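**Student:** Take a look at the following structure, please.
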Amino acid sequence: MKKLFALIAILLALSAVFVSCAKKGSNELVIQSYMSDEAPKKAFQALVDQFMKENPSIKVTVNTTAHEQFKTQLVNYLTAKEAPDVLTWFAGFRMQQYAMKGLLAPIDSAWIDAEFPAAFKTASSYEGKVYFMPQSWYWWAVYYNKDVFAKLNLTPPKTWEEFLAVCAALRKGGIEPIAIGAKDTWTAGGWFDYMNVAVNGGPFHQELTAGKVAYTDPKVLKSFGYMADLARNGYFMKNAASYSWQEAATVLFDGKAGMYLMGQFIKDVAPADKKDKIDWFQFPIVGGNTAYGVDTPFDGYMVPANAKNKDNALKFMAFLARKDTQEAFCKPLGRLAANSMVPVPNDDARRGLEMVKGAATAMQFYDRDAPEEMAAKGMDAIVEIIQNPGKLESILAA
């Protein structure tokens with residue numbers, strides 16, 4: 001009997017431990033985020049606070065990693081035995097490659113068909129299942145310093161010839177024509193997206209990123225040649241590879257550079273007293289080709305297959321999908337929300353939306369549309385061409 005009672009006591013104790021562990025797991029939500037810049041980090045934390053208010057039994061932990069470091073750590077997060085419950089990431093191929101490998105959990109139950117564009121669902125899915133919750137999207141354009149343009153009596157160019165004339169006038173005025181922070185090579189990817197589509201058209205660019213066209217193709221040589229010419233003329237800022245994108249943005253804000261091809265998130269790092277001094281124009285058309293392309297990446301969240309608290313993660317995904325939640329995040333940042341029920345936040349975003357609507361080609365971004373290995377080598381090549389334009393053909397062959 002003593003042995004029986006002892007065994008019962010042990011079983012009861014183990015049962016209590018299992019219940020405690022299960023309860024602990026069910027009350028947690030761990031989010032790994034790349035939103036390290038102050039403005040988006042603050043906006044996201046406000047969402048987390050609201051989620052915890054609505055779900056007081058769930059304790060949310062947000063771990064923030066610098067954007068570039070996050071990219072290198074992502075595979076480790078996804079393959080960990082106990083992965084984070086939610087990860088920030090990108091739509092399109094950059095997400096789908098992980099769904100393909102079985103590293104993501106489907107989130108179909110959180111998706112709202114009536115409130116999200118069909119194209120967004122396509123970019124958020126793999127083989128008929130949704131694996132990604134888009135939150136915000138934005139446009140890339142040529143941002144410029146209005147004070148610098150006014151001082152030199154310049155107007156935003158619409159054609160490539162006008163763009164070159166503006167570059168020459170800025171150089172003559174002692175201003176770096178084009179700011180670029182190529183320390184993180186992805187910033188240069190936008191130049192290739194816009195240049196290749198402007199010169200060769202959207203379908204050709206999509207064939208290239210799909211691996212169906214060689215980088216030694218004469219058409220590729222031609223589009224890269226435009227960037228090489230900018231470099232030969234000294235139109236890209238000096239020592240671009242030593243600047244982060246934020247540091248290069250400061251050069252633009254301070255009026256030491258005239259223009260910067262960058263995403264709308266450049267406004268996130270602009271000082272309050274300089275935000276209104278920065279405006280943007282559409283990438284210039286080349287050779288009379290009025291059918292243009294636009295980089296319109298959209299960002300959001302995914303749930304790893306190894307997540308410990310999938311039920312809570314799905315609750316959070318459903319929370320993120322809501323109109324009020326998406327508006328709360330996008331409005332202070334001036335982003336466009338993925339949920340189509342959210343109003344456009346301001347006139348700047350309305351202009352961006354109209355530009356996107358008129359585009360013949362919408363791109364996620366070079367390092368999101370192309371396979372990771374191709375994009376890594378391609379972005380290195382773009383930076384190298386900016387630094388050594390005379391080696392264009394050998395760089396493309398490599």
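**Student:** Pick from Ala165, Ala110, Ala375 the residue whose mean-square fluctuation is largest in a GNM of the chain, springs joining Cα atoms under 10 Å.
**Tutor:** Ala165
**Student:** With +1 on each Lys and Arg Cβ and -1 on each Asp and Glu Cβ, how big is the dipole of the range 250-327 about its Cα centre, in debye rounded to the nearest 20?
**Tutor:** In total the dipole reaches around 260 debye.
**Student:** Taking only protein heavy atoms and a 1.4 Å probe, what accessible area per residue, in Å², does the range 248-339 have with all protein chains in place?
**Tutor:** In whole numbers, the range 248-339 has 33 Å² accessible per residue.
**Student:** Return the distance in nm (one decimal) between the two label points of a simple spin-label model at Ile112 and Asn27, each offset 7 Å from Cα along Cα→Cβ.
**Tutor:** Result: 3.0 nm between the two label points.
**Student:** Please identify, among Met100, Met227, Met317, the residue showing maximal mean-square fluctuation in a Gaussian network model of the chain using a 10 angstrom Cα cutoff.
**Tutor:** Top of the fluctuation ranking is Met100.
**Student:** Show the residues, 5+ positions off or on another chain, whose built amide H is closer than 5 Å to the amide H of Ser136.
**Tutor:** HN-HN under 5 Å from Ser136: Asp299, Ala338.
**Student:** To continue, here is another question. Accessible area, 1.4 Å probe, largest first: how do Ser109, Ser33 sort?
**Tutor:** Ser109, Ser33
**Student:** Now for a different question. Taking the 0 to 90 degree range and rounding to the nearest ten, how far is the long axis of helix 218-232 tilted relative to the main principal axis of the chain, both from C-alpha atoms?
**Tutor:** Around 70 degrees separate the two axes.
**Student:** In terms of solvent-accessible area of protein heavy atoms at a 1.4 angstrom probe, what is the ranking of Lys101, Lys267, highest value first?
**Tutor:** Lys101, Lys267
**Student:** Express the Stokes-Einstein translational diffusion coefficient of the range 335-398 in µm² s⁻¹, to the nearest whole number, given a Kirkwood radius over alpha-carbon pairs, 25 °C and a viscosity of 0.890 mPa s.
**Tutor:** The calculation lands on 166 µm²/s.
**Student:** With a 1.4 Å probe and every protein chain left in place, work out the accessible area per residue of the range 53-211 in Å², rounded to a whole number.
**Tutor:** Here the per-residue accessible area is 42 Å².
**Student:** Report the calculated FRET efficiency for Arg322 and Glu393 (r = Cβ-Cβ distance, R0 = 41 Å), to the nearest 0.05.
**Tutor:** For Arg322 and Glu393, the calculated efficiency is 0.20.
**Student:** Antiparallel as a % of all DSSP beta bridges within the chain, to the nearest 5?
**Tutor:** 60 percent
**Student:** Relative to the first principal axis of the alpha-carbon coordinates of the chain, what is the inclination of helix 160-172, with its axis defined by its Cα atoms, in degrees from 0 to 90 and to the nearest 10?
**Tutor:** Taking Cα atoms only, the helix is inclined about 80 degrees.
**Student:** Starting from the amide H of Tyr131, placed 1.01 Å from N in the peptide plane, find each other amide H under 5 Å away whose residue is 5 or more places distant or on another chain.
**Tutor:** Sorted by chain and number, the residues that satisfy this are Ile107, Ser125, Tyr126.
**Student:** Suppose every Lys and Arg Cβ carries +1 and every Asp and Glu Cβ carries -1, with no other charges. What dipole size does the chain come out with about its Cα centre, to the nearest 20 debye?
**Tutor:** The dipole of the chain has a size of about 880 debye.
**Student:** Which angle between 0 and 90 degrees, to the nearest 10, do you get for helix 372-387 versus the longest principal axis of the chain when only C-alpha atoms count?
**Tutor:** 30 degrees
**Student:** Sticking with this structure for a sec: Summing -39500 (n - 2.57) over the DSSP H runs of n ≥ 4 in the chain and dividing by its residue number, what mean residue ellipticity at 222 nm do you reach, to the nearest 500 deg cm²/dmol?
**Tutor:** My calculation for the chain gives -14500 deg cm²/dmol from helical runs alone.
**Student:** Taking the full set of protein chains and a 1.4 angstrom probe, give the accessible area of Glu372 in square angstrom, rounded to the nearest 10.
**Tutor:** The accessible area comes out at roughly 80 Å².
**Student:** How much of Thr290 can a 1.4 Å solvent probe reach, expressed as accessible area in Å² and rounded to 10?
**Tutor:** Spelled out: Thr290, probe radius 1.4 Å, area about 100 Å².
**Student:** Provide, as a two-decimal number, the C-alpha radius of gyration of the range 139-197 over 2.2 N^0.38 Å, N being how many residues it has.
**Tutor:** Output field value: 1.20.
**Student:** Quote to one decimal, in nm, the extra length available between Ala150 and Gln246 on full extension: 0.36 nm per residue of separation minus the C-alpha distance between them.
**Tutor:** 32.2 nm
**Student:** Could you work out what % of the accessible surface of the chain is carbon and sulfur, using a 1.4 angstrom probe and leaving DNA, RNA and ligands out of the count?
**Tutor:** Roughly 55 percent of what the probe reaches on the chain is carbon or sulfur.
**Student:** Can you sort Lys59, Lys81 by 1.4 Å-probe accessible area, starting with the largest?
**Tutor:** Sorted by accessible area, descending: Lys81, Lys59.
**Student:** Further question on the same structure: Using all Cα-Cα distances in the range 214-308, what percent lands in each 10 angstrom bin from 0 up to the longest?
**Tutor:** Using 10 Å bins, I get a P(r) of 11, 31, 33, 18, 7, 0 for the range 214-308.
**Student:** List, in order, the whole-Hz ³J(HN,Hα) value for each residue of the range 129-146 obtained from phi through the Karplus relation with A = 6.51, B = -1.76, C = 1.60 and θ = phi - 60°; use x for Gly and Pro.
**Tutor:** Result, ordered by residue: 10, 8, 10, 9, 10, x, 10, 9, 9, 7, 10, 9, 7, 8, 7, 9, 8, 5 Hz.
The values are calculated or read from the model by the stated rules, or taken from the named source; none is laboratory data. Remember, it's a predicted structure, so these values are computed and weren't measured experimentally. Cβ: placed from backbone, ideal geometry, glycine included. Neighbour counts: every protein chain shown. When the accessible area is computed, the model is the full protein with side chains, heavy atoms only, and any ligands, DNA or RNA have been set aside. Shrake-Rupley method; radii C 1.70, N 1.55, O 1.52, S 1.80 Å.
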